[in-house]
Each structure stands twice: as structure tokens, then as C-alpha cells.
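Colleague: Structure incoming, see below.
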Amino acid sequence: MRRLTINNPNKKLRGLRRHFRALRRWANLIKNTREIEYGEKYHNIKVPLPLSIVEGPKTRPKTQADVIKELLKAARNLAGQAPPANCSFYRIAVLLSFPSMFASEVTEFFDEEYFKRFVYENGLPDAHSLSQQFSIKIPPEFDIECGRRVSVEDEEYNYVSNDWTITSSKPHTPVE
């Protein structure tokens, strides 16, 4: 379940084991059962955890690493399934946002041009990659890891994030 924690971000985190059991079950049982609609370019699946678990003052790097591993497992499971019957292009990607990991997701792409917007020239050094920072082994099916810095500023708001895309250079085909 996705939940924002607006009132008290310093509140003690409760039920971590329960939330991670649900996250593991979600990653293992994720299915590609949707029919895509005409003109649909993507479908994103957000990380199913409360905000306070994946980011904020109480979050730990090990917790964030475990979340990334489960997102990769979910993406790998989706990539191993047959693509929707009515699509000509199908790619799976894990889109990670750091430090605001609540925005991270597994995305199914159905449009090649739209997909290419997310596979950009790597603008961040490899030492900044989340797989390096958290010592995460990326599955061999996902051979592209590229990152870029996103910065949004105005009079009242300043947002800086490193966005990473982990995907495959080849179309996904089901594992037999």
C-alpha cells in the first residue's frame, strides 16, 4: 500500500517485516495480464510501500537497497512473461529516483519512441549509480544503467534528484 507521511516524518517505523513480506510477495507474483489500450505508451507500477519506509529521516540504506532488489526482481519476472497480445513493442524498465525513492517504479513500455526518452546518455558517473552505491547485482537481462540529474527550482521550491533507468538493450522475450 502506498501512503504519504506528511504530518510526522520522524514517527517510528512500524511493521517493516510485514511490509517487506508484502513487497516480496508482490515482486514474486507480479503478472502481465493487462490488455493495452490503443495509443497507450506505458504502464507504471509504483513501489507498494509507505513513503516513510523508502525515504525520509528514519530510512536506512539497507532498506532502500532491499526495495531496489525487489523492484529488479519484479521487473525480471515481468520480462520473463509473454508480452501483451496486442502490442508490437515491449520493454520493461526500473526507474529509480534518489533520494526520493517513493517515486521509483517498474514500467512497461509499449511505444519505442516513448521508451527512448528514458534511455539517455549516462550523465552521471558510474560511481554514483545506485547499483554501485548499494552494492546491488543487476540481473543479466538488464544491461543498460543510465542516470541523470534532475533539478527543478523556483522561488519557493528546490528539487534535486538523481534518476536512474535500468533496462535491457533487447526486446523482452518470455523465458521458456
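Colleague: Would you mind telling me which numbered condition in (1) over 20 Å from residue 163 (Cα atoms); (2) open to solvent by 20 Å² or more (accessible area, probe 1.4 Å); (3) assigned to a helix (DSSP H, G or I) residue 78 fails?
Modeller: Tallying (1) over 20 Å from residue 163 (Cα atoms); (2) open to solvent by 20 Å² or more (accessible area, probe 1.4 Å); (3) assigned to a helix (DSSP H, G or I), residue 78 fails exactly one: (2).
Here is a yes/no grid of residues against (1) of a type in the set (A, V, I, L, M); (2) within 17 Å of the chain's Cα centre (by Cα); (3) at pLDDT below 65:
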| position | (1), (2), (3) |
| --- | --- |
| 1 | yes, yes, yes |
| 4 | yes, no, yes |
| 10 | no, no, yes |
| 13 | yes, no, no |
| 20 | no, yes, no |
| 25 | no, yes, no |
| 28 | no, yes, no |
| 33 | no, no, no |
| 38 | no, no, no |
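Colleague: In addition: Which of the residues spanning the stretch 153-169 are of a type outside the set (A, V, I, L, M) and in contact with a strand residue (DSSP E or B) (Cβ under 9 Å, 6 or more places away or on another chain)?
Modeller: Once the filter is applied, which keeps residues that are of a type outside the set (A, V, I, L, M) and in contact with a strand residue (DSSP E or B) (Cβ under 9 Å, 6 or more places away or on another chain), the stretch 153-169 yields 153, 158, 159, 161, 162, 163, 164, 165, 167, 168, 169.
Colleague: Can you name every residue in the stretch 105-160 that is closer than 26 Å to residue 36 by Cα and in a strand (DSSP E or B)?
Modeller: Hits for the stretch 105-160 are 105, 106, 107, 108, 109, 144.
Colleague: Can residue 132 be described as touching a helix residue (DSSP H, G or I) at 6+ places or on another chain (Cβ under 7 Å) and exposed (fewer than 13 other Cβ atoms within 10 Å of the Cβ)? Steps first, please.
Modeller: Numbers: touching a helix residue (DSSP H, G or I) at 6+ places or on another chain (Cβ under 7 Å): yes; exposed (fewer than 13 other Cβ atoms within 10 Å of the Cβ): yes.
So residue 132 fits the description; yes.
Colleague: In the set 141, 155, 145, 105, which member is open to solvent by 90 Å² or more (accessible area, probe 1.4 Å) and of a type outside the set (Gly, Ala, Ser)?
Modeller: Working: 141 fails: open to solvent by 90 Å² or more (accessible area, probe 1.4 Å); 145 fails: open to solvent by 90 Å² or more (accessible area, probe 1.4 Å); 105 fails: open to solvent by 90 Å² or more (accessible area, probe 1.4 Å).
Being open to solvent by 90 Å² or more (accessible area, probe 1.4 Å) and of a type outside the set (Gly, Ala, Ser) holds for just one of 141, 155, 145, 105, which is 155.
Colleague: Can I ask one more? Do we have any residue at all in the stretch 47-59 that's of a type in the set (Lys, Arg) and modelled with pLDDT of 85 or more?
Modeller: No.
Colleague: Restricting attention to the stretch 51-65, and to residues there that are buried (at least 18 other Cβ atoms within 10 Å of the Cβ) and not polar (S, T, N, Q), which single residue is nearest to the chain's Cα centre (by Cα)?
Modeller: Looking at residues that are buried (at least 18 other Cβ atoms within 10 Å of the Cβ) and not polar (S, T, N, Q), I get 54.
Colleague: Tell me yes or no: at least one residue of the stretch 112-131 is touching a Pro at 6+ places or on another chain (Cβ under 8 Å) and of a type outside the set (Lys, Arg).
Modeller: no
The values are calculated or read from the model by the stated rules, or taken from the named source; none is laboratory data. Remember, it's a predicted structure, so these values are computed and weren't measured experimentally. Virtual Cβ from ideal backbone geometry, glycine too; neighbours counted across all protein chains shown. These area figures cover heavy atoms from the full protein model, side chains too; ligands, DNA and RNA do not enter into them. Shrake-Rupley method; radii C 1.70, N 1.55, O 1.52, S 1.80 Å.
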